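Nothing in this text is a laboratory measurement; each read-out follows from the coordinates by a stated rule. Fair warning: this is a prediction, and the values are worked out from it, not measured in the lab. A quick note on method: Cβ atoms are made from the backbone with ideal geometry, for glycine too, and the neighbour counts reach across all protein chains shown.
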Amino acid sequence: MKKITTLLLISLAAYSLEAQTLIQAYKNRADQVSQTNVTTLLQEFQTLGVKTTGSAANTNTLNWLKAKYQSYGYTTSQITEDPFTFGNNINSKNLIITKTGTTYPNIYVIICGHYDTIMGPGVSDNGSGTSIILEAARILRNIPTEYSVKFIHFSGEEQGLQGSAHYADNVVFQNNVRQLNIKLVFNIDQVGGKITNNNNAIKCESDQDGLAGNNAQSLAITQQLANCTALYSPLQTVMSNTYSSDYVPFEQNGDIITGFYENTRSFNEHTVNDTFANVDPTYVFNVGKAAVGALQHFAVASTSLLGTSEAPVHALESVKVYPNPAKDVLNIELPESIKKFRVEITDLSGRLLITKENETKINVSDLTGGAYLCTVKTGDTTAVRKIIIEK
């Protein structure tokens, strides 16, 4: 049952489906999502192991997340933990990072996803969402937003939304009294795709359970999410319904929710096959661009370019490696300005297999079928791409 509360009074007009237009500053920031960063984050998430709620690996992942935010420049006062206990004395923590808004500091846009897993390392479910939230926080740290933003990493999702339910019922609400005014909750769960799928679309999820009076607002917000996806990423959009992820406890308390979920389902979730070898980092990268564009729209980020920190990412980020999958020859396409570079191909354990200098056609015919990493280096700049060799 929904809690009886005085909700934030945002009129339906504020959620209208009026046309959105591209904002250049938003696009510049969305374009700062780094394929190399995304790939590295997914790999690091895998190395942290099976992150069952309450396990040592789960705690290690929490600490890894905190270290990332500290490296991005977030202060101790911005980083808080929300401990919770459930079941047979299982203990874990949610991680919350708060970026204060300039105009509405006490009204929050939440972007969230879970970091716990079940059987495998969970690189898609939900290392993908975790990586995107980290990239969004990195890019937007110094960007003024009218609304405050909370970047939240939940634990206990796989055991029945334990972490998000605790936060919604004990932090957002205390003794059935609302403590936080929430503009909307934007959840990202399992957007890793599968390397062999056609990953050209993303599901945009809205609350249509018929039980609340906020379904129209959720649908309107989700249409805005789809609009932002079209404006700031190459992905197509598919409208879908919310289902059993960390936005549900917020929806049950009357908040407006939306979310991303992979369109072509990988079916590797909750298995030992949910590994880096089976996800599509380019898909995660594209969903990340859409998420950064949408988060700026929802939080009303500054539309002014704020200096050199908002310059487009380095030229190597536009490198193209194709075909993918490849069989005998791998082509490297770089900006014309880059004349000297090094190409390294390694297996997923980091073992170096091929090294070439200033060559744009790499013979990979001796490699066995499987997943590899192609690293292109020039000076102190690096770009990493995951490739598949088919035999």
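Would you kindly derive the ³J(HN,Hα) couplings of the range 375-383 from the backbone phi angles with the Karplus curve 6.51 cos²θ - 1.76 cosθ + 1.60 (θ = phi - 60°), listing them in order in whole Hz, with x for Gly and Pro?
Going residue by residue, I get 10, 10, 10, 9, x, 9, 10, 9, 10 Hz, with x marking Gly and Pro.
Using a simple charge model, +1 on the beta-carbon of Lys and Arg, -1 on the beta-carbon of Asp and Glu, nothing else, what dipole does the chain show about its Cα centre, in debye to the nearest 20?
Details: 30 positive and 35 negative charges, 132 e Å.
With only Lys, Arg, Asp and Glu charged at Cβ, the dipole is about 640 debye.
Which one of I202, T53, P105 is farthest out on the positive end of the charge dipole of the range 12-310, using unit charges on Cβ (Lys, Arg +1; Asp, Glu -1) and the Cα centre as origin?
P105
Once R0 is set to 25 Å, what does the formula 1/(1 + (r/R0)^6) return for the Cβ-Cβ distance between N273 and T346, expressed as a FRET efficiency to the nearest 0.05? Don't skip to the end; give the middle numbers.
Values: r = 21 Å, r/R0 = 0.86.
Result of the calculation: an efficiency of 0.70.
Applying the Karplus parametrisation 6.51 cos²θ - 1.76 cosθ + 1.60 with θ = phi - 60° to the phi angles of the range 200-206, what ³J(HN,Hα) value in whole Hz is obtained for each residue in order, glycine and proline being reported as x?
In residue order, the calculated couplings are 10, 9, 10, 7, 9, 9, 10 Hz.
Please list the non-local residues whose amide H lies under 5 Å from the amide H of I256, H modeled 1.01 Å from N, same-chain partners needing a gap of 5 or more.
It is V185, by chain and number.
Among 102-108, 29-35, how do they line up from the highest to the lowest mean number of other beta-carbon atoms within 10 Å?
Details: 102-108: 15.1, 29-35: 23.1.
My ranking of the peptides, most packed first, is 29-35, 102-108.
Can you return the aspartates and glutamates within cross-link range of K340? Criterion is Cα-Cα under 13 Å, with same-chain partners fewer than 8 residues away left out.
Within the straight-line limit of under 13 Å, K340 reaches these aspartates and glutamates: E357, E359, D380.
Given T355, T275, V238, which one lies farthest toward the positive end of the charge dipole of the range 235-380, if we put +1 on the Cβ of every Lys and Arg and -1 on the Cβ of every Asp and Glu?
The residue sitting farthest along the positive end of the dipole is T355.
How charged is the neighbourhood of L180? Take every other residue with its Cβ under 10 Å from the Cβ of L180, and add Lys/Arg as +1 and Asp/Glu as -1. Write down the numbers at each step before the final one.
Working: positive: K150, R178; negative: D255.
Within the 10 Å Cβ shell, the charges total +1.
If you average 1/r over every pair of different alpha-carbon atoms in the chain and take one over that average, what Kirkwood value in Å do you get? Kindly include the intermediate steps, with their values, before the conclusion.
Working: mean 1/r = 0.0466 Å⁻¹.
Across the chain, the inverse of the average 1/r is 21.4 Å.
Give me the number: length gained by fully extending N241 to N170, i.e. 0.36 nm times residue separation minus the C-alpha to C-alpha distance, one decimal in nm.
On the way: separation 71, 0.36 × 71 = 25.56 nm, distance 2.62 nm.
That works out to 22.9 nm of additional length.
Identify the residues of the range 363-391 with backbone N under 16 Å of a label point that sits 7 angstrom from the Cα of I354 along the Cα-to-Cβ direction, or state none.
Flagged as within label range: 363-377, 384-391.
Just list whichever of K51/K99; K27/K194; K99/K289; K99/K194; K66/K99; K51/K289 have alpha carbons separated by over 24 Å in the model shown. Walk me through the numbers before you get to the answer.
Values: K51/K99 27 Å; K27/K194 26 Å; K99/K289 20 Å; K99/K194 33 Å; K66/K99 15 Å; K51/K289 26 Å.
Check vs 24 Å cut-off fails for K51/K99; K27/K194; K99/K194; K51/K289.
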